[in-house]
1. How would you rank 141, 265, going from fewest to most other Cβ atoms within 10 Å of each one's own Cβ?
2. Going by how many other Cβ atoms sit within 10 Å of their own, how do 316, 284 line up, fewest first?
3. Could you tell me how far the Cα centroid of the range 193-231 sits from the Cα centroid of the range 21-43, in Å?
4. Which peptide among 212-221, 291-300, 358-367, 56-65 comes first, and what is the full order, when sorted by highest mean count of other Cβ atoms within 10 Å?
5. Quick one: Debye curve from the C-alpha atoms of the range 178-246, no solvent, what's log10 I(q)/I(0) at q = 0.27 Å⁻¹?
6. Give me the three principal axis extents of the range 264-367 from the C-alpha atoms, as integers in angstrom, largest value leading.
7. Given Cα pairs under 8 Å that are at least 6 residues apart, what percent is the relative contact order of the range 212-324?
8. Sort 248, 191, 278 so that the residue with the fewest other Cβ atoms within 10 Å of its own Cβ comes first and the one with the most comes last.
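Quick note: the coordinates plus some simple rules give every number you see, no bench work behind them. Please read these numbers as outputs of a predicted model, since none were measured by experiment. As a convention, Cβ positions derive from the backbone with ideal geometry for all residues, glycine included, and neighbour counts pool all protein chains shown.
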């Protein structure tokens, strides 16, 4: 029987968690963090460890949102492709942003080692199994250019040719890949639970089942209203992502709720070896493309991005069909757990990190960003509050851009469909070229020097497994938007 919606594979294999109370009496503290996902907990941890009195309020349970429902892959990078970050901010700025994300990945690794988090799967962290970004519509030359840029920015990366890729991913769908050997994978829910425990061990307070309903954040002393009590603090950090719009509509308009789907198979035993011989995570470069990894002898498989946030009927069958399209040799695959995750998706596909106004901060919109940027976001906001660190200004070019409205979600969905069509056309082109090469090789003796591989223009090929968005309006600097004050 398939488990859909709330019962994820990670819920079924989670460590025991404490029952945390709701906030029932008024509370004064130095910093209120709105949202108990990864970004909020990282922020609270950095503040609490340096002696600040911090309280986290979470509308549901810790880990019940996207932070505990993702694929658990940790690597450098953002949702936006490196070339677009480069074109927007320049080489030095882009390199610094990239290195921040890499530092976030190391912060995750370091906290796991420091705290000995139970159930996080240390075998998936050290030694790192790596990550493969597989190209379905490009060749080795494109992968080599991306690898060169990542290496220049301080991340180990190498291009794999088709033969090397197909040795470990036994599918005709893939033509080249980018290998990131330092990437690793974790049990995402157990990591969130371990992070929350670290916050409490440092003196921070966490209140579950405490949604924020409104706030008066214009004065020096700010007030946050919850169903049963009020919090007062000098600093407020908004980390609510897609759920922030109810209490603060101006912030909510800058985040589009987008759904992604994940499933986990029944044990596949030796069948897995006939298809996948790579121990790390795999993703492809298509719009909303596949991402997957092996867990024991099961296969975790995710993909798809849609503005429709309700789960489709028979999600398990859809995921099984996606697997069969890539690895038909696996035969029928039973999906025992299938679920959706709703993420906060920003127009510019970069996280929203920075200052909204005096005493008001944001660390949000991590949809598609991965786990690593949440760690550095918490550190940047905490160090800004404590030390006046202004590195958060690096994210000013990626400010608060309205993403919703009458046509916001529809326009984004149209962009998703358009990109998928481009992906299919590109994939058909390179598939046809490969067939022609194979037919020619069967008829004509090979030349002394093989001809260069036929690849589509680079402009049509994403450099990482992320979305392509339509041109967006210039982003207003985060600092210049008094969104929270006007909400």
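1. On the way: 141 13, 265 27.
Taking fewest neighbouring Cβ atoms as first place, the list is 141, 265.
2. On the way: 316 20, 284 24.
Least crowded to most crowded, the residues run 316, 284.
3. 2 Å
4. 358-367, 56-65, 291-300, 212-221
5. -1.29
6. The Cα atoms of the range 264-367 stretch 58, 31, 22 Å along their principal axes.
7. Numbers: 151 pairs, mean separation 22.1, N = 113.
Rounded, it is 20 percent for the range 212-324.
8. On the way: 248 23, 191 27, 278 20.
The order, fewest Cβ neighbours first, is 278, 248, 191.
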